[in-house]
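Values in this text are rule-based calculations from the coordinates and carry no lab data. Bear in mind that the values here come from a model prediction, so they are computed numbers and not experimental data. Positions of Cβ are backbone-derived with ideal geometry, glycine not excepted, and every protein chain shown enters the neighbour counts.
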Amino acid sequence: MSNTPDQPPPSLVKIPGRESDNRRSFFAITAAVVTGSIAVLTPIGVGIAAFLTPLFRKSKSPEVRIALLDQVPDDGMPRYFPVVADREDAWTRYPAQRVGAVYLVRKPGKEKPTAFTAKCPHAGCFIGYTPGSKVFQCPCHTSAFNLDGSRVNGDAEVAPRGMDTLPVSIRQAKTGDGNSIAEVWVEFIDFQTGHKEKIPTA
């Protein structure tokens, strides 16, 4: 049976609702793809962020119990103490590591001692002290420091500045038998070497 000239062929006849159905199907598929992508990528993004976070975490200078106050008599003489603290790199924690050393100097009549880092501000060598001596001495490049941390020969010394001081606090603690003891705590800050100013390394 042939079509009349006024009637279009079946292939050109528009079926009501088909275009809107196709449009709805397209949006449904697109929404499903987007939702699925978000569901897959979110945990991956969280994992990457958790992995990279340690790289951008700013390290904090540890506060360390250095000694009992009774171990630092107020005679003005330096006492050497190692600094033991937990150390962290980007992803690993190392408990109870030796991270440096300090000298504590307690002047007559003073309760709180002064803390000097034992690291030379010139090139990072460990500064030495001979009991009874009037000066600290760096064995690497002969820089000498007075007992107050200042340079013996001022700007003529190789070291660009005096010995670096550290914040000190005295804290009370209880012993097992209930007695109170005074502890010396130090905020152990590592400073850059080779500069006139004290610049923390982190």
Flagged links, alpha-carbon separation over 18 Å, of Lys107/Lys134; Lys134/Lys196; Lys119/Lys198: Lys134/Lys196
Förster-model FRET efficiency, 45 Å R0, Ile170 and Ile29, C-beta, rounded to 0.05: 0.05
Length released on extending from Glu111 to Met77, taking residue separation times 0.36 nm less the Cα-Cα span: 10.8 nm
Which of Thr117, Thr165, Thr142 has the fewest Cβ neighbours within 10 Å, and the rest in rising order: Thr142, Thr165, Thr117
Protection-proxy order for peptides 190-199, 172-181, each taking the mean of Cβ atoms within 10 Å per residue, highest first: 190-199, 172-181
Cβ-based net charge around Ala182, under 12 Å, with every Lys or Arg adding one and every Asp or Glu removing one: +2
Loop GluC sites (Glu not before Pro), the stretch 64-169 (other Cβ atoms within 10 Å of the site Cβ: 13 or fewer; DSSP): Glu111
Calculated Rg and Dmax of the stretch 63-187 using C-alpha coordinates, Å: 15.9, 53
Cβ-Cβ FRET estimate between Ile199 and His141, R0 fixed at 25 Å, reported to 0.05: 0.80
